[in-house]
Amino acid sequence: MDNRPSFVMVGIREDVVFGADVRLVQPVNLYGCMIGDGCFIGPFVEVQAQVVIGNRCKVQSHSFICELVRIGDDCFIGHGVMFVNDLFANGGPANGNRALWKGAVIGNHVSIGSNATILPVHICDHVVVGAGAVVTKDIVEAGVYVGNPARRKEGISDF
Amino acid sequence: MDNRPSFVMVGIREDVVFGADVRLVQPVNLYGCMIGDGCFIGPFVEVQAQVVIGNRCKVQSHSFICELVRIGDDCFIGHGVMFVNDLFANGGPANGNRALWKGAVIGNHVSIGSNATILPVHICDHVVVGAGAVVTKDIVEAGVYVGNPARRKEGISDF
Amino acid sequence: MDNRPSFVMVGIREDVVFGADVRLVQPVNLYGCMIGDGCFIGPFVEVQAQVVIGNRCKVQSHSFICELVRIGDDCFIGHGVMFVNDLFANGGPANGNRALWKGAVIGNHVSIGSNATILPVHICDHVVVGAGAVVTKDIVEAGVYVGNPARRKEGISDF
């Protein structure tokens, strides 16, 4: 076959709205999103359209923030964190039918550990999500949540 | 030390066989593989030699598809999905001894959630693998599979 | 807003110390670390300052090795493996207060499966960590460890 693929390069599309004093490490793939004052975005990160990230957040390397996600202020998104907006509700991907997508809503002062996976849930303020956790349900109480599926961790943290 | 490393750049090697109408986002690292008609490949993806991907599949950002994997038609591979072909059967990596490698075989209409990990198993048609799941055994019945290790999810899906 | 972010590009900073015969695939982001003889570093990898990697190790694509981690000889770090040095001990990120960081110490002949997450633990020689595992406690006995949190796997390995 002599087919050649069509391609675009990652980059920062002109429609990204940056607050003041944002620092980032290229290559990143950012488009249609808003990123607040004083944020840091690490390398190999993709942030999709209609994402809103508050002020003073860090998004570390290798993370993916999907369309519709909203993140508050002073949040830390670790390395390799993946957000999900498509629950495959009909047994497969929504294939661009945005009516089937839901975006996670993350409060303020939320810290998400590396390699965590965040389904389209609400997470309240002052929550820590442990590294490698899979958050499948809303978190409505401040605390530390670990495991797959993520559950509240009682007692002294050693995650 | 004055040692300098030797290096190559990621890219699309000349031996990749593309179907018609493939779209991709660079940078990607593709070599020795076949990618079917109408596929989409996201950024920061690596697809190794001897991989065969069917028609109308999407492979999202940050995923890694290792040598010997075969994927059917109309599949969705989420973000940060890692395939594994080396079970460290002798207590460590096979170190290029391909006799010790096994490749996953994925059916048609299979959707794999973000951050999932797929050991060298067979997955039948019409399966959904939840985000963050680790699939360690063959899946021979259509349905939704979640957790680490992945198990069939009964009842209404809320993964 | 007309704010423009400040940015740097990934790359290999001049202060990286390489042993002999290191091979790598760009793009990588390496700075302030030591990488031993005969190592291989895959694409989309970041290795931070003060990391020491021994001889004959492989670090596969998409992995992140954070500040303070030490890795012995003949280790295999799979794809998408994330190391963690900040336990959010005060309910959030240490924000550069290195007194709160702890680095993992990995022995010799340790193989870590893809998508695994490694908290700041000690792992002894001749350990296999299964793909997708989350290692939250020290491993002091050779063997195979799987799951979230990782536990010793008894009997014949089929991870």
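No lab work stands behind these numbers, since they all come straight from the coordinates. Quantities reported herein were computed from a predicted structural model and do not represent experimental measurements. Ideal geometry is used to build each Cβ from the backbone, glycine not excepted, and the neighbour counts take in all protein chains shown.
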- Ordering of A:72-79, A:7-14, B:76-83 by packing [mean C-beta count within 10 Å, highest first]: B:76-83, A:72-79, A:7-14
- Note on the structure: Note on the range C:60-113: alpha-carbon gyration tensor, axes a ≥ b ≥ c; rule is a/c under 1.5 for rounded, else prolate if a/b larger than b/c, else oblate; result prolate
- Using only atoms on other chains, find how many Cβ atoms lie within 10 Å of each Cβ of peptide B:20-27 and report the average. 5
- Note on the structure: Volume per residue (Å³) of the convex hull spanned by the alpha carbons of the protein assembly as shown is 136
- Note on the structure: residue A:3 neighbourhood, Cβ < 14 Å, K/R = +1, D/E = -1, net charge -3
- Item | Gain in span if fully extended, residue A:140 to residue A:37, counting 0.36 nm per residue against the direct Cα distance | 34.4 nm
- Label the range C:94-133 by shape, choosing from rounded, prolate and oblate, from the square roots a ≥ b ≥ c of the eigenvalues of the Cα gyration tensor; if a/c is under 1.5 it is rounded, and otherwise prolate applies when a/b is larger than b/c, oblate when it is not. oblate
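Listed here are the pairs A:153/C:102; B:153/C:58; B:58/C:102; A:102/C:58; which of them are more than 29 Å apart at the Cα? Please list the in-between numbers first.
Values: A:153/C:102 21 Å; B:153/C:58 36 Å; B:58/C:102 39 Å; A:102/C:58 39 Å.
Beyond 29 Å between Cα atoms: B:153/C:58; B:58/C:102; A:102/C:58.
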- Task: Please report the relative contact order for chain A, taking Cα pairs under 8 Å with a sequence separation of at least 6, and give it as a percent rounded to a whole number.
- Result: 12
- Query: Which distances, shortest first and in nm, link residue C:13 to the matching position in the other copies, using label points set 7 Å out along Cα to C-beta?
  - Reply: 3.3, 3.3
- Task: Taking a label point 7 Å out from Cα toward Cβ, give me the nm distances from residue A:95 to the same spot in the other copies, shortest first, one decimal.
- Result: 4.8, 4.8
- Task: Rank by packing, highest mean first: peptides B:51-61, B:85-95, with packing defined as the count of other Cβ atoms within 10 Å averaged across residues.
- Result: B:51-61, B:85-95
- Charge dipole of chain C built from unit charges on the beta carbon (Lys, Arg +1; Asp, Glu -1), centred at mean Cα; most positive-end Cα among C:146, C:49, C:127 is C:146
- Query: What Kirkwood hydrodynamic radius do you get for the range C:1-63 when you take the inverse of the mean 1/r over all pairs of distinct Cα atoms, in Å?
  - Reply: 12.2
- Message: What does the structure give for A:38-46 when I average, per residue, the other chain Cβ atoms found within 10 Å of the residue Cβ?
- Response: 5
- Quick one: putting +1 on the C-beta of Lys and Arg, -1 on the C-beta of Asp and Glu, what dipole do you get for the range B:17-152 around its Cα centre, in Debye to the nearest 20? 240
- Task: Find the Cα radius of gyration of the range A:17-151, compare it with 2.2 N^0.38 Å by division, and give the number to two decimals.
- Result: 0.98
- Rounding to the nearest 20 debye, state how big the charge dipole of the protein assembly as shown is about its Cα centre with +1 on each Lys and Arg Cβ and -1 on each Asp and Glu Cβ. 420
- For residues of C:91-103, the mean tally of beta carbons on other chains within 10 Å: 2
- Order of A:19-27, A:129-137 by packing, highest average Cβ count within 10 Å first? A:129-137, A:19-27
